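Scroll down for the structure; my scribbles are underneath it.
Just so it is clear, none of the values below were taken in a lab; they were calculated from the coordinates. Here the structure is a predicted model, which means the values were calculated and not measured. Ideal geometry is used to build each Cβ from the backbone, glycine not excepted, and the neighbour counts take in all protein chains shown.
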Amino acid sequence: MVTTEGIKRSFLISLWFMFLTFPIMVIRVNTIENVIEWRWKNMMIVGIGSFFLSFVWRWLIGRKEAGRKKSESGDSIEVPPGQRIMEDRRFYVPGLIMLSIFVAVFPFVFSAYQVNIMTTALIYVMLGLGLNIVVGLAGLLDLGYVAFYAVGAYSYGLLNYHCGLGFWAVLPIGAGLAAIAGILLGFPVLRLRGDYLAIVTLGFGEIIRLILENYNEFSFGPSGIANIPRPGFFGLEMSLSTATVYLYFILIALTLFTVFVVNRLQNSRIGRAWIALREDEIACQAMGIDKTKTKLTAFALGATWAGMGGVLFAAKTTFINPASFTFLESAMILSIVVLGGMGSIMGVIVGALVLILLPEYLRGLGEYRMLMFGITLVLMMVFRPQGLIARVRRTYKFEETVRQDR
Amino acid sequence: METILEVKNLCMDFGGLRALDRLDLDIIKGEIVALIGPNGAGKTTFFNCITGIYNPTDGDIHIFRTGKKPERINGLKPNQVTEKGMARTFQNIRLFPGMTVLENVMIGRHCRTASGIAGAVFRGKRNVAEEKQVVEYSYTILKKIGLERYVNDLAGNLPYGAQRRLEIARAMATEPFLLLLDEPAAGMNPHETKELDRLIETIRDREGISILLIEHDMKLVMRLSDRIFVMDYGRRIARGTPDEIKNNPAVIKAYLGEETDA
């Protein structure tokens, strides 16, 4: 492992890093005394650190390459440990019980702050699972997903302001309106694919945000809508902390509902058609699948969940304005899907929890928080490009094959 | 003698280029028909025209199905053409590499089943039965084609010859009356070609599916086909039985070129 060649390369890497970080890590201008401080100690740390880290890096890359070669040669098809746990009853039944107990007592054990960030994370789980239909299953790169989120949030805000409708009434309406928006976006982009689709959806997301920001009579412009009521429970008065816990449980229920529906969809005739569309559009059509219908259902169903997420977001924060629906949100949700594992429900859930909770728990690192977050993302994509938890392939058993299989 | 497909006067222009020039072709039920011609003659363009990938500039394509009225299928979308009963394979394999072999074939069943979103979510009795039927039907086809041992493998990991056969299996799952094979033997070794030869014949004899194939392997074409159509520069230059084609001067000219006084 440690060869002269390796040492030489690591040495060069560390030199390069020392050079790169020189301006920010070594030089500091003291503006009060007008002198330059030279922090040579930092340079030492960078040099030694990168020297050793480059060894670790090469070792990890080597391991990944070896793993790929093994799976390509195909003779040892290893079931990844994550999948094994999910398939083995002895592991997943106690695991599931423990998880549900944890979920149930969570709001009573932890502080309101913890419950709040968990609620936010659960909204993103829903959004991620919705976008997963569009991007992960149907393979349509949608960068304007936040538009549907905004449609949901504003339908609650506006319908409540103008018509006095409550949370439970608006939840399905918001979802429906978002679905309609999804179809409206779907029609013009039916012919587009890949990069072009991404750009058009990006534009669509911006259009919705700009309308909300500038159409004062309709959406109250940048000042947004305030005093949106929290979800009610048969007209019961609730204190703030009870309302927080209540919203948490609503989200747990809706997340379970989402997982249930998405799971059933992806293992169905429609789910298969989406995956076929992702794999090869022309072959998919030639095999008798109506491209138009399939794409539109993917857009509409994906948007439905964004709409619901939007209604929940509005109910949680009680205030919405266009600033909450920037492209950054779309990028975040897309990262959840990609980081978690495209097309994998478990992956998206874990991805959402990691991406939303990590920045919160990294607050202890102070100003290095976002740097660490960024590094985590880069490392993830280098070492696990298939996502945290890859999609479990469904297998079918037939009497004849069972005997032949090892 | 029951005609199932009749193409008349088919033209296809790409800008100023005439890729197909007043092409006529017909297929009789139970026939294996080959379409041959030098590279760039317009064979694949012809396939794309009759399967709805291109919309032909001019001409008529009619299909005649037993017990149904003749239908003109110009300008239909590819999925509608497949629904009418014409399924195809591709010259450069176009499987769904990230799906399993069985799932690939199950996609072929899409246009013969009807479960919608509600069906997928609620999983009623009818949907469960339909899903089961799809799995079983697809598995039966895999057995017929001889791919059953790959059932749960990813299509992209299959050996080349098996991928070609899987494309045929997937097309057969749509219950076609006519199977259009675009260079099914391309890139196969002699052993695989021989297997394919047998497979195509079995499909015709046992399933009663007529076959139109584009192929460059002349041995395969001459042995299998009942009739051959020869194209060059977008035109039909000859048609007839394999023996007639072998001795046709126009065909020899197209393939080998003309003798000139040098």
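Dividing the Cα radius of gyration of chain B by 2.2 N^0.38 Å, with N the residue count, gives 1.06.
Computed from the Kirkwood radius of its Cα pairs, the Stokes-Einstein diffusion coefficient for segment A:280-406 at 20 °C and 1.002 mPa s stands at 119 µm²/s. Note on B:113-126: average number of Cβ atoms from other chains within 10 Å of each residue's Cβ is 3.
For a test of the definition: using alpha carbon positions, the gyration tensor, and the 1.5 limit on a/c, classify segment A:97-255 as rounded, prolate or oblate. Verdict is oblate for segment A:97-255.
Across peptide B:78-89, the average count of Cβ atoms from other chains found within 10 Å of a residue's Cβ is 4. Inter-chain neighbour count for B:147-160: the average number of beta-carbon atoms from partner chains within 10 Å of each residue's beta-carbon is 3. By other beta-carbon atoms within 10 Å, ranking A:Phe19, A:Phe108 with the fewest at the front produces A:Phe108, A:Phe19. Note on segment B:96-174: Kirkwood hydrodynamic radius from all Cα pairs is 12.8 Å, rounded to one decimal.
Over all directions, the projected convex hull of the C-alpha atoms in chain A averages 28.1 nm² in area. The residues A:Ile320, A:Ile24, when put in order of fewest to most other Cβ atoms within 10 Å, stand as A:Ile24, A:Ile320. For segment A:1-63, the spread of Cα positions along the three principal axes, ordered from largest to smallest, is 50, 19, 14 Å. Note on chain B: GNM, Cα springs under 10 Å; of B:Ala162, B:Ala87, B:Ala120, the largest mean-square fluctuation is that of B:Ala120. Modelled label positions at A:Glu237 and A:Tyr161, each set 7 Å beyond Cα in the direction of Cβ, lie 2.8 nm from each other. Rg and Dmax of segment B:106-234, both derived from C-alpha coordinates alone, stand at 17.1, 55 Å.
List every DSSP H helix in chain A whose Cα atoms extend 18 Å or more along the helix's own long axis and whose mean Kyte-Doolittle hydropathy is at least 1.0.
Sorted by number, the helices that extend far enough and score high enough are A:89-109, A:112-131, A:167-186, A:240-266, A:327-340, A:345-361, A:369-383.
Comparing B:Gly234, B:Gly85, B:Gly67 in a Gaussian network model of chain B (Cα springs below 10 Å), the most mobile by mean-square fluctuation is B:Gly67. Between A:Asn216, A:Asn321, A:Asn116, the Gaussian network model of chain A with springs among Cα atoms under 10 angstrom shows the greatest mean-square fluctuation at A:Asn216. Under a 5 Å amide H cut-off, with hydrogens placed 1.01 Å from N, B:Ile4 pairs with B:Ile27, B:Ile28, B:Lys29 among residues at least 5 apart or on other chains. Going from the fewest other Cβ atoms within 10 Å to the most, the residues A:Glu329, A:Glu213, A:Glu237 appear in the order A:Glu237, A:Glu213, A:Glu329.
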